[in-house]
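Everything below concerns the one structure shown next.
The values are calculated or read from the model by the stated rules, or taken from the named source; none is laboratory data. Source: prediction; values computed, not measured. Glycine gets a Cβ as well: all are built from the backbone with ideal geometry, and neighbour counts include every protein chain shown. The accessibility values were calculated without ligands, DNA or RNA, using every heavy atom of the protein model including side chains. Shrake-Rupley method; radii C 1.70, N 1.55, O 1.52, S 1.80 Å.
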Amino acid sequence: MKSETHETIAVKISRILADRIIDGTLEPGMKLRQDHIAEEFQTSHVPVREAFRRLEAQGLAISEPRRGVRVASFDINEVREVAEMRAALEVLALRHAAPHMTRAILEAAEKATSEGDNCANIREWEAANRRFHRLIIEPCGMPRLLAAIDDLHAASARFLFSTWRSEWEVRTDHDHRAILDALRKGDTDSACLILARHVQWIGHRPVKTASGKIRDGFSIIG
């Protein structure tokens, strides 16, 4: 029973820390202090260490000899890898989803795009963008594929929040509308080509860290 309790606490801690890493509250390279986290969650070090192992398995944290555990950093190569994986898997899902597309799904996706176009902050935009992508691929009926794509969207969100936490500008997503137009016409090939190009667009901007240093920020804007 004691081990099950520690397991439950560890899952909770890893989930909350993962959310903080993804939304940029915990920045790349930031040290995860075992004592502070144990105190915050009013628990021993045992479930905290297990939570750290879970974060490492997700690629969100890294353990360094004599330096403890830190939030994992990422570079342009990792962003490109996620973008290419998204392109491959989302196109696969869309090809299987297209024959089952309904007017209601397309209207819901159109609404998600319109909401995204009017979002004044990055969090709202990311949620609307993710909703659009999920709507057009969910009819594929392939749960393992959808779960893998969900993981990639979580990685994309981390890149996005880390790079665009401020100075977000309202934008019109022409690619989303082009994908929907192609799907309405039954032109799956064109929809897939636009989608593949869309999710591989990578934005770049300098980002000031909490310590005042400037680093290069890269994110998938799609």
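Going through (1) of a type outside the set (Ser, Thr, Tyr); (2) at pLDDT below 95; (3) closer than 28 Å to HIS176 by Cβ one by one, ARG70 falls short only on (3). Of the residues making up the stretch 61-96, those that are out of contact with any Leu (no Cβ under 9 Å at 6 or more places or on another chain) and farther than 30 Å from ALA51 by Cα are ALA88, ARG95.
Checking each residue in the stretch 114-130 for being within 23 Å of ASP151 (Cβ to Cβ) and either in contact with a helix residue (DSSP H, G or I) (Cβ under 6 Å, 6 or more places away or on another chain) or modelled with pLDDT of 95 or more (or both) picks out GLY116, TRP125, GLU126, ALA128, ASN129, ARG130.
Listed by position, the helices (runs of 4 or more DSSP H) contained in the stretch 74-174 that have at least 2 residues being among the hydroxyl-bearing types (Ser, Thr, Tyr) and open to solvent by 40 Å² or more (accessible area, probe 1.4 Å) form an empty set. List pairs: first in the stretch 108-126 and touching a residue at least 12 places away in the same chain (Cβ under 8 Å), second of a type in the set (S, T, N, Q), Cβ under 8 Å, 6+ apart or cross-chain? Matching pairs, first to second residue: ALA112/ASN129; GLY116/ASN129; ASP117/THR172. Across the stretch 46-73, the qualifying residues are those that are open to solvent by 20 Å² or more (accessible area, probe 1.4 Å) and in a helix (DSSP H, G or I), and the one among them that is nearest to GLY24 (Cα to Cα) is GLU56.
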